[in-house]
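The values are calculated or read from the model by the stated rules, or taken from the named source; none is laboratory data. Source: prediction; values computed, not measured. For neighbour counting, all protein chains shown are included, and Cβ atoms are generated from backbone atoms with ideal geometry for every residue, glycine included.
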Amino acid sequence: MTDWIDHPYKALSGVWVRANFHGHCKENSACASIPLMEGARMYRSIGADVMTLTDHDVVTDLSELRALYPEMIFLSGFEYSSRENVVFAGTRMEDLYRHTLEDALAHAEDLLTILCHPQPRQGIEYWTQTKIRALGVVPDGIEVYNGHYGIERMRKNGCNPYYAPFWDELLTSGLRLWGFANDDFHDPADFDNAFNMVHVTERTPDAVVRGAKSGRCYASTGLRLQSVAEEDGHLTVLTDAPCSGRFIGPQGRTLAKKTGTHFEYSINGETYVRFEGEGETGRLFLQPFFSVRQG
């Protein structure tokens, strides 16, 4: 019996684009304070490539934005909000929020689906492994970081923006979900504090959705990836700034840790290994590398 390593970072030959997959506008989300056009202007000003609108149980019309900023990619979407929340994002969007969540997910094969802020407050049950398995169709990923829940006002209310331990719980159980970071844009305080870098071979909406659904992406709050490579189970990660970097395995156990910009680890039978870094510029979350047993 031998293992081979399954991961989404093989043969990267395109470009990275910066994307946010969870955000709101004042017109269609009562909890948001920034008008749609102003929000688009703000994302354009920081060089974002992809902006997604996921207002609560409504699909916001983005045709005016697409005409005004043709250099950007605008994804349609909504946040399913009548129970534990899920973001739906894509190029063509139906009113799936009118369905049960199970039925909506069953009809979302071409859409990116992400579990939102899965454990927003300590002591309050929200998303659990049991609830996720009961959906029938497992979403593409979960937010490992939600920027809106990390702003000062939300933290004072007991909110938590960081969900990587729950991600490890799901991965350890055998569920394969990708990790995403979104600013969950509502207000100026949360703007630009979390995002995703997606690897694409062409700068199109469909390519962005495909890249994110296949895990050819990483999550960040500021720290960037320089390169990632795997050869015969040996992982090499380079970051763009010094950080405390960890290779993490089942049960969230730290397998190796150091400070710097160059990190290496050889997978030794772990069912999965992922890399997470934290430094002065922010956090970085790579997708898992899975060991697959072959006979």
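How do the pairs read when you match residues in region 274-295 that are in contact (Cβ under 8 Å) with a residue 60 or more places away in the chain with residues anywhere that are in a loop (DSSP other than H, G, I, E, B) and of a type in the set (G, A, S), using Cβ under 8 Å and keeping only pairs 6 or more apart or on different chains?
Once the first residue is in contact (Cβ under 8 Å) with a residue 60 or more places away in the chain and sits in region 274-295, its partners that are in a loop (DSSP other than H, G, I, E, B) and of a type in the set (G, A, S) give G282/G222; R283/G222; Q287/G215; S291/G233; S291/G269.
Quick grid of which residues meet (1) crowded, with 20+ Cβ neighbours inside 10 Å; (2) within 21 Å of the chain's Cα centre (by Cα); (3) in contact (Cβ under 8 Å) with a residue 60 or more places away in the chain; (4) not in a strand (DSSP E or B):
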site	(1), (2), (3), (4)
G222	no, yes, yes, yes
Q226	no, yes, no, no
A229	no, yes, yes, no
T236	no, no, no, no
G245	yes, yes, no, no
T254	no, no, no, no
K257	no, no, no, no
F263	yes, no, no, no
N268	no, no, no, yes
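Could you check how many residues of region 98-112 are assigned to a loop (DSSP other than H, G, I, E, B) and either closer than 21 Å to N146 by Cα or not acidic (D, E) (or both)?
5
Checking A11 against (1) assigned to a loop (DSSP other than H, G, I, E, B); (2) within 22 Å of the chain's Cα centre (by Cα); (3) on the phi < 0 side of the Ramachandran plot, only one condition comes out false. Which one?
Failing condition for A11: (3).
If a residue has to be surrounded by 13 or more Cβ atoms within 10 Å (Cβ to Cβ), within 16 Å of Y9 (Cβ to Cβ) and not small (G, A, S) to count, how many in region 270-295 make the cut?
12
Looking at region 270-295, which of its residues are of a type in the set (D, E) and in a strand (DSSP E or B)?
E276, E278 - these are the residues of region 270-295 that are of a type in the set (D, E) and in a strand (DSSP E or B).
Just one of T221, T271 is within 19 Å of Y145 (Cα to Cα) and not aromatic (F, W, Y); which is it?
Within the list T221, T271, the selection yields T221.
Look at R210 and say whether it is under 17 Å from P8 (Cα atoms), modelled with pLDDT of 95 or more, basic (K, R) and in a helix (DSSP H, G or I).
Judged against the criteria, R210 is a match.
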